Amino acid sequence: MDISQSIKEDIVKSLLPRGVPLRQTTLSVRYGVSRIPIRDALRSLKAEGWLVSHGKVGVMIPDLDWKEAEDLCLMRAELECLLFGMAFSRIQADDIIEARRILSELDQENVALIHRGELNWRFHQALYRAADRPTLQRVVEGLNKQAVRYLGFQYGPLGYRTESQNQHEALLLLIEKKDKCAALVLLRQHIEEAGALLADYLKANA
């Protein structure tokens, strides 16, 4: 795992402080590397939305915000259903095979949270790429990468992992049955249900 991934994992697990500046020297000691890769990782994480500016040159981990979580969910639901609808009739058997292989990886117990988030996106990507709409896909991928910051809650206190996997498998079955309408309904439910649980949890614990 590279430095950016290590920092992401610690952010998701709440092992790094939120709302205070991150010190390159402290992180350098924590991860056993020089300040140069730390600086590069912080710049990359800021570009991805994992960090925000603090002062003139510093960065910090922002507090988790139910409004942001809800907005990400709303945008994902609209754009992913649009992309999935474009892809549906063009999804091939190989795409479904790959998606099921990814689901098997997601079923493993000792998967780091960040890698679990990446696998979740790769599952959905396997179903969307047949749309051949690279600009839309890049936007959807960016939203998924931002949503990974909240993954610790969904797989932790919300206990949504099993339900998410069941919905993934049900989605594949609907694709195999060529039931586009039901598949689109399920995808929207899959995204919005998890988002609503997360937003409610963050509101209650604000």
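Run the simple label-point estimate for K180 and D63 please: 7 Å along Cα→C-beta, distance reported in nm.
About 4.5 nm, to one decimal.
Considering amide H positions built from the backbone, and no H for Pro or chain starts, which residues 5 or more places from V59, or on another chain, come under 5 Å of its amide H?
L22, H54
Which value in deg cm²/dmol, rounded to the nearest 500, describes the helix-derived mean residue ellipticity at 222 nm for the chain, given -39,500 (n - 2.57) per DSSP H run of n ≥ 4 and division by the residue count? The partial results should precede the final answer.
Values: 10 runs with 143 residues, N = 206.
Helices in the chain give a 222 nm mean residue ellipticity of -22500 deg cm²/dmol.
List the equivalent ellipsoid semi-axes of region 3-60 in whole Å, largest first, each obtained as the square root of 5λ for an eigenvalue λ of the Cα gyration tensor.
Details: eigenvalues 44, 36, 25 Å².
Calculated on Cα positions only, the semi-axes equal 15, 13, 11 Å.
Report the gain in length on full extension from A206 to E163: 0.36 nm times residue separation, minus Cα-Cα distance, nm rounded to one decimal.
On the way: separation 43, 0.36 × 43 = 15.48 nm, distance 2.51 nm.
Roughly 13.0 nm would be gained on extension.
On the Cα set of the chain, report Rg and Dmax in Å, please.
For the chain, the Cα radius of gyration and maximum Cα-Cα distance read 17.9, 55 Å.
If you add up the charges near Y160, with Lys and Arg at +1 and Asp and Glu at -1, over every other residue whose beta carbon is less than 13 angstrom from its beta carbon, what do you get? Please list the in-between numbers first.
Working: positive: R116, R161; negative: E163, E192, E193, D200.
So the surrounding residues net to -2.
Please give the net charge around R138, taking every other residue with its beta carbon less than 12 angstrom from that of R138, where Lys and Arg add +1 and Asp and Glu add -1. Could the numbers behind the result be given before it?
Details: positive: R129, R133, K145; negative: E141.
Neighbour charge sum, excluding R138 itself: +2.
Ordered by residue, what ³J(HN,Hα) values in Hz, to whole numbers, does region 10-25 give under the Karplus form 6.51 cos²θ - 1.76 cosθ + 1.60, where θ = phi - 60° and Gly and Pro are x?
Working through the residues one at a time gives 5, 5, 4, 7, 6, 8, 10, x, 8, x, 10, x, 8, 8, 4, 5 Hz.
Which cross-chain or sequence-distant (5 or more) residues have an amide H under 5 Å from the amide H of G49, H modelled 1.01 Å from N in plane?
Close amide H contacts, sequence-distant or interchain: none at all.
Looking at region 66-204, how many pairs of lysines come closer than 27 Å at the Cα, when each pair is eight or more places apart or spans two chains?
4
Compute the FRET efficiency between A170 and D2 as 1/(1 + (r/R0)^6), taking r as their Cβ-Cβ distance and R0 = 25 Å, and round to the nearest 0.05. Walk me through the numbers on the way to the answer.
Details: r = 34 Å, r/R0 = 1.38.
After rounding to 0.05, the efficiency reads 0.15.
Residue-wise, which Karplus ³J(HN,Hα) couplings in Hz belong to region 81-90, taking 6.51 cos²θ - 1.76 cosθ + 1.60, θ = phi - 60°, and x for glycine or proline?
Each residue of region 81-90 in turn: 5, 4, 5, 5, x, 5, 7, 3, 6, 10 Hz.
Quick note: the coordinates plus some simple rules give every number you see, no bench work behind them. What you are looking at is a predicted structure, and each value in this text was computed from that prediction instead of being measured. Every residue, glycine among them, receives a Cβ derived from its backbone with ideal geometry; neighbour counts consider all protein chains shown.
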